[in-house]
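The values are calculated or read from the model by the stated rules, or taken from the named source; none is laboratory data. Keep in mind it's a predicted model, so treat the numbers as computed, not measured. Note that we place each Cβ from the backbone using ideal geometry, even for glycine, and neighbour counts take in every protein chain shown.
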Amino acid sequence: MEQALIRIARANLILLIVTSKILTFVVLSTGSTFSHELWLEPKVFILNTNETLKVNIKLGEKMEGANLAFIPKNIEEFFWSQDGVKNIVQSGLGDRPAFSKEMVEEGLTSIVYVSKPATLMYRKFEKFEKFARHKDLGPVKQLHAEYGFPEKDFFETYRRFAKAIVGVGSSSGNDNYFGLTTEFILLNNPFENRIHDFLKLKLVYEGKPRKRAQVKVFERSDTGAVRITNTKTSHDGIAIVPIKRGSVYLFDAVKLRPAKQSIDQKTVWETLWASLMIEVPK
């Protein structure tokens, strides 16, 4: 019996290593993640107290993707919160879903994941420029030249800042700002106030509103159909998005900045990805 358990554990470890290497190969060989978002996706968005909340870390596009395992070396922060108090996720290596917990207290609940930095290489500048246009990151061709960055074989480092919102019991309360480098903050509660026909979010970067930033909006209806649109934040970093009851929404925004010189000479850009997922109850 003991030997069988050891074999199973070894097999699971090998699977984790292979999966990690495959994901790394995909990123490096494509030279771009412009079509791949990372987000937190709960199994259900509305729970009763004493029910188990299960949340996957997902990587993919158009709201479809792979469920990533809980791998501590890839995680900077992973916590859930009610009323602004951080509770560290206590999962085991390789767990899928990455978060599973019986929810005893009721209220609006935020789940937050921050990845450690990862890098990818661009063989040609044109692919990076295509990604920058897709995310509306500004005049990167001009800036790339002004900074004297190489035209080929350069690196980008990136980090993910993902949030999901669920309602437990009464679902009362508010989302909070948790001090992430970039972050979406939900400003209204669609679980508690079902009169609103919109979601109101604030996008921040280093504690300040991100003005006129592109927010990509993914809307998945109760039939499973996905619609993708873009909106812009206001001068106060606010985005107001019309909603359809019974739909799931994923918001995505990317901040581009020059990489810190302390990283290395070939890593020239850094991208910071914010996401938020929520379902609007009928």
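Before we move on, is ASP153 in contact (Cβ under 8 Å) with a residue 40 or more places away in the chain and more than 22 Å from the chain's Cα centre (by Cα)? Yes: the conditions hold for ASP153. Sort out which residues of the range 266-282 are more than 18 Å from the chain's Cα centre (by Cα) and crowded, with 16+ Cβ neighbours inside 10 Å, and write them in order of number. THR267, VAL268, TRP269, VAL280, listed by residue number. If the condition is being assigned to a strand (DSSP E or B) and more than 17 Å from the chain's Cα centre (by Cα), then the range 201-217 contributes LYS208, PRO209.
Among the numbered conditions (1) at pLDDT 95 or above; (2) exposed (fewer than 13 other Cβ atoms within 10 Å of the Cβ); (3) hydroxyl-bearing (Ser, Thr, Tyr), the only one that TYR147 does not meet is (1). Step by step: first the residues of the range 114-153, then only those that are assigned to a helix (DSSP H, G or I) and of a type in the set (Gly, Ala, Ser), then the one that is farthest from LEU59 (Cα to Cα). Which residue is that? This residue is ALA145.
Of the residues making up the range 53-73, those that are part of a loop (DSSP other than H, G, I, E, B) and of a type outside the set (Val, Ile, Thr) are LYS62, MET63, ALA69, PHE70.
Filtering the range 74-98 to residues that are under 24 Å from GLY173 (Cβ atoms), modelled with pLDDT of 95 or more and part of a strand (DSSP E or B) leaves GLU77, PHE78, PHE79, TRP80, SER81, GLN82, LYS86, ASN87, ILE88. Taking the conditions (1) surrounded by 13 or more Cβ atoms within 10 Å (Cβ to Cβ); (2) not in a loop (DSSP other than H, G, I, E, B) in turn, THR49 satisfies each one other than (2).
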